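Notes for the one structure printed next.
No lab work stands behind these numbers, since they all come straight from the coordinates. Values in this document were obtained by computation on a predicted structure and should not be read as measured data. Please note: Cβ atoms are built from the backbone with ideal geometry, for glycine as well, and neighbour counts cover all protein chains shown.
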């Protein structure tokens with residue numbers, strides 16, 4: 001069954017990823033910090049160590065679900081490249097911490113049961129557990145920050161509007177013709193149309209136009225907003241991007257709705 005139609009896609013009509021990811025980014029760092037405290041105060045380990053492990057286990061499970069649901073969501077809206085890469089590593093860091101913390105707790109309990117002080121093995125695994133726990137806290141903080149930036153960065157800090165387009169001097173816009181009061185879907189609301197020569201003149205980050213399925217779009221402001229990364233949009237600047245768009249987003253309503261916002265007019 002394709003991932004995008006699996007149980008990881010949504011729950012109660014809402015994307016699962018933003019719901020489950022909060023469980024992971026709260027429980028895993030919380031458990032990691034708790035483990036650091038237990039390493040510093042080892043006499044608490046026997047009483048509270050299993051609480052930390054259970055919390056870490058739940059958070060680790062949520063992290064794996066977050067990865068799967070994130071990939072399902074990315075199939076619809078695209079994947080933020082940095083967030084996607086570090087997010088896929090996060091569950092395995094939590095697994096590593098879980099194994100290390102379990103080993104430390106076992107050694108810690110044995111050493112205290114025998115002579116009430118840390119053995120060399122318990123000391124070494126305790127230090128390693130604390131170090132890895134610090135890495136996990138930082139990593140999950142970075143994952144959460146990169147995800148929030150991908151979702152809210154452009155909303156709170158919108159890029160400046162691009163320059164107004166220059167109309168084509170196509171014969172279809174001759175002064176003798178009378179424009180319809182209600183433009184058809186293939187017409188621009190302001191009556192402008194564009195040629196591929198004009199599109200090709202806007203082929204960089206400063207002014208990025210692309211033709212898609214007979215329409216011309218100004219994608220300049222979308223370069224930094226694209227969930228899949230700016231490089232995917234920059235590659236389309238100044239070109240007929242119909243094949244690339246259809247191959248990636250055919251049948252997907254969200255990308256099509258996003259694209260409409262940037263329409264300049266028909267290609268002639």
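What to note about this one:
- Each label was represented as a point 7 Å from its Cα along the Cα-to-Cβ direction; for residue 207 and residue 253 these points are 3.6 nm apart.
- Look at 34, 64 and count the other Cβ atoms within 10 Å of each Cβ; fewest to most, that gives 64, 34.
- Compared with the alpha-carbon gap, the fully stretched path from residue 230 to residue 23 is longer by 71.6 nm at 0.36 nm per residue.
- Rough spin-label spacing in nm, given labels placed 7 Å along Cα→Cβ, for residue 99 and residue 51: 2.8 nm
- A straight chain from residue 268 to residue 148 at 0.36 nm per residue would run longer than the Cα-Cα distance by 39.2 nm.
- Stretchable slack from residue 135 to residue 110, in nm (0.36 nm times residue separation minus alpha-carbon distance): 6.3 nm
- The simple Förster model, with R0 at 51 Å and r as the Cβ-Cβ distance, assigns residue 43 and residue 195 a FRET efficiency of 0.05.
- Cβ crowding within 10 Å averaged over residues, with 259-265, 67-73 ranked highest first: 67-73, 259-265
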